[in-house]
Structures are given as C-alpha cells and as structure tokens.
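Beneath this line is the structure, given in structure tokens, with notes to follow.
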Amino acid sequence: MTHQEISHHRLVSQKLYKTCSDSPQDIVKHLGAVQAQDYAMAKWAIGSRCGATEKEIEEAINAAKIIRTHILRPTWHFIAAEDIYWMLDISGPQIKRIILAETRKYGCDEKEFDKINSSIEKILAGNNNLTREEIIHELNIKKFSYDYNLSPVLIMMYAELEGLVCNGKMKGKKMTYALLEERLPKPQSKLTKEEGLAKLAKRYFESHGPATVGDFSWWSGFSMTSCKTAINSIKSELNSAVIEEQMYWFGTDYYKESSFRESVHFLPAFDEILISYKTREASILAEHQPKAFTKNGIFKPVILENGKVIGTWKRTLKKDHVKIETDFFNETKSHQKVVIFEGIKPFENYMEAKIIIE
C-alpha cells in the first residue's frame, strides 16, 4: 500500500468517497468524535459526509442526538449521544488532572471545583439553557491569589469533563449549556477503562484507517503505551499493513477495489481528514502544509482532489448568496477549475443557498 492508496482508503473509511444516507448522528458515531471548536465548519464536516442540510444538523444538535462538549486532548468535539458517557469515563479523568495541575498553584483544587459545580447545577436545574456568560454572572467566584482569576473557560470545561454539563439549545448564534443528565439519562452499565479504550481504538481505526498507533495517540490524547495496549486487545478485529516500516491499522470492511473514481471535496476547517492524524503526508505534501495549517494548530478549509489537498477555500455569507474564494497551491488552468468547482455543489445543497465563486 502506497501513500496514494492510504489517502484513497481514508476517503472510504471517513465516508467521503460516496455520500451516504446515514443520519447526522450516525456520521458522528461512525467517526467516534468530530473536532468542533469551529462550530459552523464542524457542522459541514458532518454534512459533507451524509447530505444533510445545515438546518437538519442543527436540529440534531438541539435535540441532543449529537452532543458538543470538551473531550479528547481536550478540545470541542461532537459526540453521538449514546457515546458521551463512556467516552467521558475514560477521557475525563486524565484531562481533569491536567487542569488541576495548573489551578492548584493558585489555590483552586478539586474541592473548590466541586463547590463551583454544585452552584452550576442549581443554576441550570429545571432544563435551563444558559450561555457561559450568563452562568459566570450567576456564580460568585472568588480570586484564588492576588494575580489569578479562574478562567470561565476552565470552569465550564471542568464541569463538562465531570459529566455535569454539555451544550444546550442554541440561543441565536450563541451556544448554551445544560445539565447533561437532564438531556440524556445515564446508562445503567459502565465500561472499564480498558474496555472503553479498546472500543475507542476500534472506532478510530475503522473510521480513520489506515492509521498508525501514533495517529491514534494524537487523536485520542492517550499515551502511546495505553494505545498499544488497546490495539493489542483488538488486533484480531482489524487489518494491518506495513508501509515504509510503519504498521498501519484499518477495519476489516475496507474498500478492496484497485482503482478509485475521480473526486473533489471542499472540506471544512479542522476536518478529520487532516487533523485526526499525527503525520499528514498521505493527504498533503510537506511543502504545502504551512498553507493549510499553522504550527499552533489552526486548520483552514481545504480542497481535496482524489484524496490529496490541492488548495484552500473560504466562505463569506452574503444577504442572498454565499461567496466562495479559493487559493490553489499550484497554477490551475480555467478548464481544470471548472471541473474542481463541481465539488462545491454538495456545500450549496447543505447551505440551501446560491453559491458564487470568486
């Protein structure tokens, strides 16, 4: 298997090769977790894989079929409702330790967070949906040292990792928080950490493979040792191949045809096709990487041709249309652009608005 074949197989495993009839929540469940700090673009990450409109995806989020919360590494992610509790069980403790290692220096320990969470629970009880600013306004948070105010971001992130809160219904363009158990009852049974990590590994390699243990470690936030243990527990359920002295893992239900059809995708910023791998040479040449993402982790929307990133794009919402601007890495002739721009049609359907390319 070559790098070109890796990129082709990833198109299939990530459900980009063919638009499917899956629901938005089915897409999120398949991928395990979809990075979602750029809320508008993250919705398109779902829509680009299933044909749902932005409105339909928003409805699934407001109905708590898809949860947006901090998890894995941590950053914002979309998680399928049925996966949120077991993922929090395995991922939450290690991220809380990272937060506490910083805040203890200033006098804010686990007991202090427990007090804050108790107040948040009272504020949100009864299916209240409030913005972060509204919640912080209600809290009487003391200074923990002469030079340290506890960040509202950390306050709400810790509450998320405790399984106390998650996203509520959107309030205009603002995200709200709600009590997780009021949106989704807790399941009766729990997975052990080993069972949960094995389940996460299987989900990752089936939806993102071919990928390496280093890729999985980067995506999940777990140590290489923990990830190797998880893979060893499920390797009989996966396929593997050694490529350039690296072991790649992928699902057993992978695409077996030797040739792939031509394809173009206009993918969102922070899309899983790039961000979910530690190394990305299979999808984008090293010389082009600085044009697609920065060293501090800001990813641009990308244009993908036959599994390879060939440029970036951006959208601007206008009163009666959506303006699209493109920036190709190499000189691209007009007749080539005509073919490439056909790939914007799914985004036009998703937005339910006229697209004008400039």
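The values are calculated or read from the model by the stated rules, or taken from the named source; none is laboratory data. Nothing here was measured: the structure is a model prediction, and the numbers come from that model. When we count neighbours, we look across all protein chains shown, and the Cβ atoms used for this are built from the backbone with ideal geometry, even at glycine. Note: areas computed on protein heavy atoms with side chains; ligands, DNA, RNA excluded. Shrake-Rupley method; radii C 1.70, N 1.55, O 1.52, S 1.80 Å.
Grab the DSSP H runs of the chain that are 4 residues or longer, score each as -39,500 (n - 2.57), total them, divide by all residues and round the 222 nm result to the nearest 500 deg cm²/dmol.
Working: 16 runs with 153 residues, N = 358.
Theoretical 222 nm ellipticity from helices: -12500 deg cm²/dmol.
Can you tell which of 95, 284, 324 shows the greatest fluctuation in a Gaussian network model of the chain with Cα springs below 10 Å?
324
Please go through the residue pairs 15/55; 193/235; 111/169 and name each one whose alpha carbons sit more than 28 Å apart in this structure.
Cα-Cα > 28 Å for 111/169; rest within.
Quick check for me: using +1 on Lys/Arg Cβ and -1 on Asp/Glu Cβ, what's the dipole size of the chain about its Cα centre, in debye to the nearest 20?
Dipole size: approximately 480 debye.
Name the chymotrypsin sites (Phe, Trp or Tyr not before Pro) in the range 44-151 that are in a loop by DSSP and that have at most 12 other C-beta atoms within 10 Å, would you?
Hits after loop and neighbour filter: 146.
Which of 115/143; 173/337; 291/319; 295/337; 115/173 have a Cα-Cα distance over 24 Å?
Beyond 24 Å between Cα atoms: 173/337; 291/319; 295/337; 115/173.
Considering the convex hull of the alpha carbon atoms of the range 90-130, report its projected area averaged over all viewing directions, in nm², one decimal.
Its Cα hull, projected and averaged over all orientations, spans 3.8 nm².
Equivalent ellipsoid semi-axes for the chain, as square roots of 5 times the alpha carbon gyration tensor eigenvalues: give them largest first, rounded to whole Å.
Gyration-tensor ellipsoid for the chain: 35, 26, 19 Å.
Helix 3-13 sits at what angle to the longest principal axis of the chain, using alpha carbons and giving 0 to 90 degrees rounded to 10?
The answer is roughly 60 degrees.
Angle check, please: helix 152-161 long axis (alpha carbons) against the longest principal axis of the chain (alpha carbons), in degrees 0 to 90, nearest 10.
On a 0 to 90 degree scale, this one is about 80.
Can you tell which of 46, 116, 67 shows the greatest fluctuation in a Gaussian network model of the chain with Cα springs below 10 Å?
116
Can you give me the Cα centroid spacing of the range 1-52 and the range 260-327 in angstrom?
A separation of 13 Å, based on Cα centres.
Given charges of +1 on the Cβ of Lys and Arg and -1 on the Cβ of Asp and Glu, with all other atoms neutral, how large is the dipole of the range 124-239 about its Cα centre, in debye to the nearest 20?
So the dipole magnitude of the range 124-239 works out to roughly 140 debye.
For a quick check: with amide H placed at 1.01 Å from N, whose amide H comes under 5 Å from residue 175's, ignoring anything fewer than 5 positions away on the same chain?
none
Could you please state how large a percent of the accessible area of the range 16-135 is carbon and sulfur, counting protein chains only and using a 1.4 Å probe?
Whole-percent figure for carbon plus sulfur exposure: 45.
For the cross-link pairs 43/300; 43/278; 29/171; 202/228; 105/142, which exceed 18 Å when the distance is taken from alpha carbon to alpha carbon? Intermediate results must be reported in sequence, preceding the final value.
Values: 43/300 15 Å; 43/278 23 Å; 29/171 25 Å; 202/228 12 Å; 105/142 15 Å.
Table pairs above 18 Å Cα-Cα are 43/278; 29/171.
Enumerate the calculated ³J(HN,Hα) couplings along the range 334-350 in order (Karplus 6.51 cos²θ - 1.76 cosθ + 1.60, θ = phi - 60°), each rounded to whole Hz, writing x wherever the residue is Gly or Pro.
4, 5, 6, 5, 4, 5, 4, 5, 4, x, 8, 4, x, 5, 4, 5, 5
Once both axes come from the Cα atoms, what is the angle between helix 110-124 and the longest principal axis of the chain, in degrees from 0 to 90, rounded to 10?
Its long axis makes an angle of about 80 degrees.
From the convex hull of the Cα coordinates of the range 4-132, what is the mean projected area in square nanometres?
10.0 nm²
Test of understanding: in a Gaussian network model of the chain with alpha carbons linked when under 10 Å, which of 180, 317, 200 would top the mean-square fluctuation ranking?
317
Positive end of the charge dipole of the chain (Lys, Arg +1 and Asp, Glu -1 on Cβ, about the Cα centre): tell me which of 282, 79, 296 has its Cα farthest that way.
My answer, from the dipole projection, is 296.
As I understand it, the dipole of the range 137-190 uses +1 on the Cβ of Lys and Arg and -1 on the Cβ of Asp and Glu, about the Cα centre. Which of 184, 164, 146 lies farthest toward its positive end?
Farthest along the dipole direction, towards plus: 184.
Debye calculation, C-alpha points only, no solvent: report log10 I(q)/I(0) for the range 196-326 at q = 0.12 Å⁻¹, in the same order as the q values.
-0.55
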